[in-house]
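What follows is one structure encoded as structure tokens, with my remarks underneath.
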Amino acid sequence: MHHSDETAIDTLRQLNRRKFMLRLAKAGGAIVAAGGLAYLFHDPKGPDARPPQSKSAPIELPDYSAAQAGKKMAVARGADRAQTLNSALKALGGIEAFIKKGDCVLLKVNAAFASPPILSATTHPEVVREMVKLCFQAGASEVRVTDNSINDPDSCFRLSGIAEATEQSGGTLFLPNQRYFKPFTLENAALIRQWPLLYTPLHGVNKLIGIAPVKDHHRAGASMTMKNWYGLLGGRRNIFHQDINTIIAELAMMVKPTLVILDGTTAMMTNGPTGGATSDLKQTNTMIVSTDQVAADAFGATLLGRQISDLPYIGKAASAGCGVSDYQSLKPIEVS
Amino acid sequence: MRIVIVRRIAQVFFLLLFLWFCVASTFGAKWWQLRGWPVNWFLELDPLVTVGTILSTHTIYRGLLWSLVTVVLTIIFGRFFCGWVCPFGTLHQFFGYLGMRGRRMKERRAAHQYRKAQLIKYYVLILFLVMAALPIGSSVSLQTGLLDPIPLIQRSVNLALLPIVESVSRPLSAAPRQYEGTLIIGGIFLTALLLNFVIPRFYCRIICPLGALFGLLSRYSVWRIGRVNMECTHCELCETACEGACEPGDKIHISECLLCFNCVDNRCHKKYIGYRAEESISGENTAPDLGRRGVLVALAASAMAVPMIRLNGGLASNWHHKLVRPPGSLTESEFLERCIKCGQCIRICPTNVIVPASIEGGFEQLWTPVLNFRIGTSGCQLNCTACGHICPVAAIRPITLKQKLGLDEFAEAGPIRIGAAFVDRGRCLPWAMDTPCIVCQENCPVTPKAIYLKEFYNTVRFGALKVTKVTGNDVEVFGEYLTPGRYATGDYFLARADGGAAHPCIRIVSNTGTGFTLTEAPQFKPGEHIDLQVKLQAPCVDITRCIGCGVCEHECPVSGLRAIRVSAENETRNTKNSLTLERNRV
């Protein structure tokens, strides 16, 4: 390159006033922007020490009990679940007394464990099948089935036969997933505060029916219809075992069901609540259908040979006004 | 149709097929889930898996026979697998294409020229095969899976890509998957892809031990690429898109040719390059130029590898208690002769309890399947044997449910134990903190439960009280330091301080700051000392029944370091690790 060329380029490269003013303006703009952003984002206080509170609107659980149904209970004896379920319901005025045309029904089953129906650790698929069918017969527009399982949910619903029973009878299965949960606070409760609740399957439902088997449970004494609502909780719900009686009573306060169905056809007497062998089971041939979950569980305790005083949560739920522990006062209708 | 178009269609087809099999390796009953889809097919086509396991176990397991097809076709046609089938190779080719876009001829020619570094892959192959073959000391170690491209891409898609996709879209399984150490698995995968911007097909040309194996196999290939006649203008167009960097216009490196056919295609408009039985006019390098000295040094160095790794005592007294293997896994030394770290068992596990091992358990064990009971939706499911049935190399045997649970003809052998649970009494709520819990016992799926309970009443802290007044079921005590309602849970009782079975505890219904209401009228007298007691059920593990499924550890409410934890002690597969005496009697 010639020397003269270089000089020419140097001249071109030299800063002139115009260019300098332009650069100053850009620099000034950048400084103002940096200052502005710092002002906008500056947080002199720092974050709160309290855990973040949920910003979404508080969710509420309505009263699902059927109008003018009152507190009543029917007990049917026999080994055929479909038959005992039907006759117990008939004794209470038929399914039509509870499910009306257009109702959206949720069946809260017990599908806690990946265990086959023969081991009775989960709600029997026959009861689910029959109940879905009956709800549709009464005119329900939708029947949902759900539970927040303890074992892998897919395996639980498959192996228990509940998935198949639901799908074949036209019900909708809601396998739990994280997006289904919303924090829920039960008024006057000590434990259920800002706690994840299995909400999506409940959303839009106007009738709620709990279906539970009768099972031995070392911590609670027995696992029946009230304990079954545990499956509506999410999060690290196991910490509630520290105060099992209070949490079960709070669950009974939280849910005002249309009906509870306590399937005592085969009761798990020992090794509960997982069971695992048919030797843990006893044929007790009883189907309890009630609008009073406390009374249903009090009756169920007799199938396990337990005293009501062995199950403090029954007394607690009764004192909280969830039902009566003296099930005889409901004059249960016995059908055989 | 032009042959390169056919090749591209084949590449896209096999890549999509591979990805589809990854998606289908999901546990479930839907049509797209594991329903007889040949999800291991690519692993089975991979002759490095087969050659490795032949050397280490002297057997060809089940579907691995498929690799014979690949071997035969390679001997006839050359490295077709690399250029036409390998899903990892297809990705490399695509990234290499991106990197080459807009580059000038000269740069392309430079990028695709043969490099000495391409010999590295043969040394990698020698290292892995010697490790798999040479029993120095205890046993051999199959480590091909670290760099074998099919297990590598399978692992990367299973454990890094799909979980990322699942975390932003709808999960394929019940919950988004979590795995420890995925950063490294995914990081290696991404690095391998990005290296294509430095040198196209970097991995294939320089690292890939499977490519090296194919390179050796193609030495006698019947048909091969080569110069057809001498009337060549040396325009070097044929070498501006050569995937294998085998220099087809010059003295071609047969072992490097991936059969991409870019040279044969319209690159050489005069058709001086062809695919035929005759030798190339410009001569051939039929084998990689490793040299006798290079091979000998590589062999000697490789022979040191396994003994060096095992100096940590990982297969002896220093075995790692965290290596809880899936049910049906072979004894650790046999396991390491087979596992190719493909991650199929990890992906199929319905509860996400199987995760790739970190190097914590030993370098050899890196990315092999171990159970992490804090991750996932539950522990190892009692009625599940999915992992053993998907394992392409039988490192986890395909056991039946009867075998797993020890039923019928397996009753004498008993259930398969993958470990044992231990209660940490310093962390357990009932043992350490006078707080009822027993979630572990409740969830134990074994029957009769492997976790049993010790029941006792414990006087709580500040629980020594003095009665001031008794009215019916109500008891007033001296002082005023009770938290109202605290003892109303149904787990608290009052008992005479002199104790003894003759003075049963009476359950507390409710309490105020100074008194209690009981379930029945007590016989306490004013001035008498009484104890405020909590009824505890404390969990203990019956080592003869525990199978190590870890459901207890998963459910334990002590959510950090769990108060009940499973370690590999007493596992069935390693009799050396037995705990109880009767286990040693065979």
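Could you list log10 I(q)/I(0) for the range B:8-125 at q = 0.20 Å⁻¹, which the Debye formula gives when each Cα is one point scatterer?
The Cα Debye sum returns log10 ratios of -1.24.
Output needed: percent of Cα pairs per 10 Å distance bin for the range B:3-222, bins running from 0 to the one holding the longest distance.
8, 29, 37, 21, 6, 0
Which of these, A:Arg18, A:Arg193, A:Arg219, has the largest mean-square fluctuation under a Gaussian network model of chain A (Cα springs below 10 Å)?
Result: A:Arg18 has the largest fluctuation of those listed.
Using alpha-carbon positions, what is the distance between the centroids of the range B:511-566 and the range B:328-376, in Å?
36 Å
For the range B:33-79, what Kirkwood radius comes out of the mean inverse Cα-Cα distance, in Å?
Details: mean 1/r = 0.0883 Å⁻¹.
Computed over Cα pairs of the range B:33-79, the Kirkwood hydrodynamic radius comes out at 11.3 Å.
With a 1.4 Å probe and every protein chain left in place, work out the accessible area per residue of the range B:499-568 in Å², rounded to a whole number.
Value for the range B:499-568: 37 Å² per residue.
Using a Cα-Cα cut-off of under 30 Å, which lysines could be cross-linked to B:Lys106, ignoring same-chain neighbours fewer than 8 residues away?
B:Lys116, B:Lys121, B:Lys251, B:Lys270, B:Lys271
Using +1 on the beta carbon of Lys and Arg, -1 on that of Asp and Glu, and nothing else charged, what's the dipole of the range B:3-222 about the Cα centre, debye to 20?
980 debye
I'm checking a number: the convex hull volume of the Cα atoms of the range A:73-335, normalised per residue, in Å³. What is it?
108 Å³
Counting only the heavy atoms of the protein chains, how much of B:Leu405 is accessible to a 1.4 Å probe, in Å² to the nearest 10?
The value for B:Leu405 is about 50 Å².
Could you tell me how far the Cα centroid of the range A:252-276 sits from the Cα centroid of the range B:151-195, in Å?
One Cα centre to the other: 41 Å.
Rounded to the nearest 0.05, what FRET efficiency do B:Asp408 and A:Gln283 give with R0 = 35 Å and r taken as the Cβ-Cβ distance? Could you check?
0.90
Along the principal axes of its C-alpha atoms, what lengths does the range B:62-124 span, in descending order and rounded to whole Å?
48, 24, 22
Using only the heavy atoms of the protein chains and a 1.4 Å probe, how would B:Lys454, A:Lys101 rank by accessible area, largest first?
Working: B:Lys454 95, A:Lys101 180 Å².
Putting B:Lys454, A:Lys101 in descending order of accessible area: A:Lys101, B:Lys454.
Under a 1.4 Å probe, what is the accessible area of the range B:230-322 per residue, stated in Å²?
52 Å²
For chain B, what ratio Rg/Rh do Cα atoms give with a Kirkwood hydrodynamic radius? Working shown, then result.
Values: Rg = 32.6 Å, Rh = 27.9 Å.
Computed over Cα atoms, the ratio is 1.17.
Estimate for me the total accessible surface buried between chains A and B (protein heavy atoms, probe 1.4 Å, no ligands or nucleic acids), in Å² to the nearest 100.
Using a 1.4 Å probe on protein heavy atoms, the buried area is about 2700 Å².
Compute the projected area of the convex hull of the Cα atoms of the range B:459-535, averaged over all viewing directions, and report it in nm² to one decimal place.
4.3 nm²
Could you tell me whether the range A:204-278 comes out rounded, prolate or oblate from its Cα gyration tensor? Rule is a ≥ b ≥ c as square roots of the eigenvalues, rounded for a/c under 1.5, then prolate if a/b exceeds b/c, otherwise oblate.
Here the range A:204-278 falls in the oblate category.
What part of the accessible area of the range B:332-418, given as a whole %, is carbon or sulfur when the probe is 1.4 angstrom?
Whole-percent figure for carbon plus sulfur exposure: 56.
For B:Thr26, which sequence-distant residues (separation of 5 or more, or a different chain) have an amide H within less than 5 Å of its own amide H, given hydrogens modelled in the peptide plane?
B:Leu34
Per DSSP H run of at least 4 residues, take -39500 (n - 2.57); add these up for the protein assembly as shown, divide by its residues and hand me the 222 nm value, nearest 500 deg cm²/dmol.
Computed mean residue ellipticity for the protein assembly as shown: -9000 deg cm²/dmol.
Let me check something: with ligands and nucleic acids excluded, how do B:Leu19, B:Leu210 order by accessible area (1.4 Å probe), largest to smallest? Present the calculation step by step, with values, prior to reporting the outcome.
Values: B:Leu19 70, B:Leu210 5 Å².
Largest to smallest exposure gives the sequence B:Leu19, B:Leu210.
Under 4 °C and 1.567 mPa s, how fast does the range B:315-425 diffuse according to Stokes-Einstein, given a Kirkwood radius computed over C-alpha pairs? Answer in µm²/s, whole number. Walk me through the numbers before you get to the answer.
Numbers: Rh = 14.4 Å.
This corresponds to a translational diffusion coefficient of 90 µm²/s.
For the protein assembly as shown, what does the equivalent ellipsoid look like in terms of its semi-axes, each the square root of 5 times an eigenvalue of the Cα gyration tensor, given largest first in whole Å?
65, 34, 30
How many percent of the accessible area of the range B:522-568 is carbon or sulfur, using a 1.4 Å probe?
Answer for the range B:522-568: carbon and sulfur cover 48 percent of the accessible area.
Could you put A:Ser56, B:Ser567 in order of accessible surface area, largest first, with the 1.4 Å probe and the full protein assembly present?
Largest accessible area first, the list is A:Ser56, B:Ser567.
Output ³J(HN,Hα) for the range B:298-308: one whole-Hz value per residue in order, computed from phi by the Karplus curve 6.51 cos²θ - 1.76 cosθ + 1.60 with θ = phi - 60°, and x for Gly and Pro.
Working through the residues one at a time gives 4, 4, 5, 5, 5, 4, 7, 4, 5, x, 5 Hz.
Keeping all protein chains in position, work out how much accessible area B:Leu34 exposes to a 1.4 Å probe, and write it in Å² to the nearest 10.
50 Å²
The values are calculated or read from the model by the stated rules, or taken from the named source; none is laboratory data. Because the structure is predicted, anything quoted here is derived from the model rather than measured. Note that we place each Cβ from the backbone using ideal geometry, even for glycine, and neighbour counts take in every protein chain shown. The protein model used for the area step is the full one, side chains on, heavy atoms only, and it has no ligands, DNA or RNA in it. Shrake-Rupley method; radii C 1.70, N 1.55, O 1.52, S 1.80 Å.
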